[in-house]
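A short worksheet on the structure shown next.
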Amino acid sequence: MTAQPVLKTDLTQTQLVKPCLVSSELDIELNKELKKSTKSKFSKAAASYNTHANVQKRAASDLFALIKPGINKNMLCVDLGAGPLVNTHTLQSVFASVVAMDLSLDMLQSSDLTTPKICADMDNLPLQANSVDVIYSNFAVQWSANFSALMQSLYSILKPGGQAYISTVVEGSLNEIKTAFAALDSNSHINTFNSALYINQSVQKAGFTINSAQKHIYTDEYTTPLKAIASIKAIGATTQNHINTRQGLLTKSALQKVCSAYPLINNKACVSYHVVLLSLEKH
Ligand SMILES: C[S@@+](CC[C@H](N)C(=O)[O-])C[C@H]1O[C@@H](n2cnc3c(N)ncnc32)[C@H](O)[C@@H]1O
């Protein structure tokens, strides 16, 4: 798989970008298809993302709160999986330079914010070792094909003393949607998420010191099950990262069945995300 081209070359840190590895022999066909599908769904969601990303905004703000104060003025930060640059502006107020990176070109282009943007795959990072001070990544690394390998690359690109602030969706998320679709068939209709334990083990194996690890459950409420299900689509998060997946549109009666089985709390259809927030350091 080749990485996408660098969109802007006005990086002040020209030593930052390295030629990408071409790892097509290593990429199995399924992985390529999933990447294509993820990219396409997030690209389609670029325009609607901002209005629907409520939970993501809450996680972003909790992740900002973990940033060590006061020492950041000369630092270069990479916003990994930046989406439509919703957090990049806040990051610019903290760090000297912020590079926004995302797999979806449409996501990056949907913002007018002036900042270096790189369209690239986090699983094939086009960044030099020891070149970045801070990585900020909100609600994105769950899309990596190999979380453990990603942690190792992030460790490598950080300078000694570098910090990584990462939130990622873990097991237990979207359980309401899972329950509703179980009324339809035995296929899985949601992504498989890593466990919090696996996340923890992977960051330690990569060599990071964990300064903080928190688990939060963020919940969005909708007035109908249909709106709850649609919310996943509106943020582009419908790609399923496993094979046992039912593809295609639901018939009207199938959709009705799913909606009737949706678990309601106080007459509201909730969508819950279990999220691990990490503050990591490279020594
Ligand atoms: C849920 S959005 C989060 C956007 C933003 N960080 C926020 O806090 O709202 C996830 C983003 O990750 C990006 N993404 C998914 N897979 C990726 C990959 N392999 N490499 C880089 N970005 C990826 C998607 O295109 C999408 O913009």
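If you go through the stretch 90-114 and pick out every residue that is of a type in the set (Ser, Thr, Tyr), touching a residue at least 24 places away in the same chain (Cβ under 8 Å) and not in a loop (DSSP other than H, G, I, E, B), you end up with 2. Among the residues of the stretch 28-60, those identified as closer than 16 Å to SER231 by Cα, near the ligand (Cβ under 10 Å from one of its atoms), part of a helix (DSSP H, G or I) and hydrophobic (A, V, I, L, M, F, W, C) are PHE42, ALA46, VAL55. Residues of the stretch 112-125 that are within 11 Å of the ligand (Cβ to nearest atom) and open to solvent by less than 20 Å² (accessible area, probe 1.4 Å): ILE118, CYS119, ALA120, ASP121, ASN124, LEU125. Per the conditions (1) in a helix (DSSP H, G or I); (2) at pLDDT 95 or above; (3) surrounded by fewer than 17 Cβ atoms within 10 Å (Cβ to Cβ), the sole criterion not satisfied by LEU63 is (3).
For the stretch 174-200, a tally of residues being open to solvent by 50 Å² or more (accessible area, probe 1.4 Å) and within 19 Å of the chain's Cα centre (by Cα) returns 6. At pLDDT 95 or above, within 22 Å of ASN87 (Cβ to Cβ) and within 16 Å of the ligand (Cβ to nearest atom) - does that describe any residue in the stretch 207-217? Yes. Contact map, the stretch 72-89: residues that are of a type in the set (Gly, Ala, Ser) and open to solvent by 20 Å² or more (accessible area, probe 1.4 Å) paired with residues that are more than 7 Å from the ligand (Cβ to nearest atom) and in a loop (DSSP other than H, G, I, E, B), Cβ distance under 9 Å, separation 6+ or inter-chain. No pairs are found.
The values are calculated or read from the model by the stated rules, or taken from the named source; none is laboratory data. Quantities reported herein were computed from a predicted structural model and do not represent experimental measurements. We place every Cβ from the backbone using ideal geometry, glycine too, and count neighbours over all the protein chains shown. All accessible areas refer to the heavy atoms of the entire protein, side chains included, with ligands and DNA or RNA removed. Shrake-Rupley method; radii C 1.70, N 1.55, O 1.52, S 1.80 Å.
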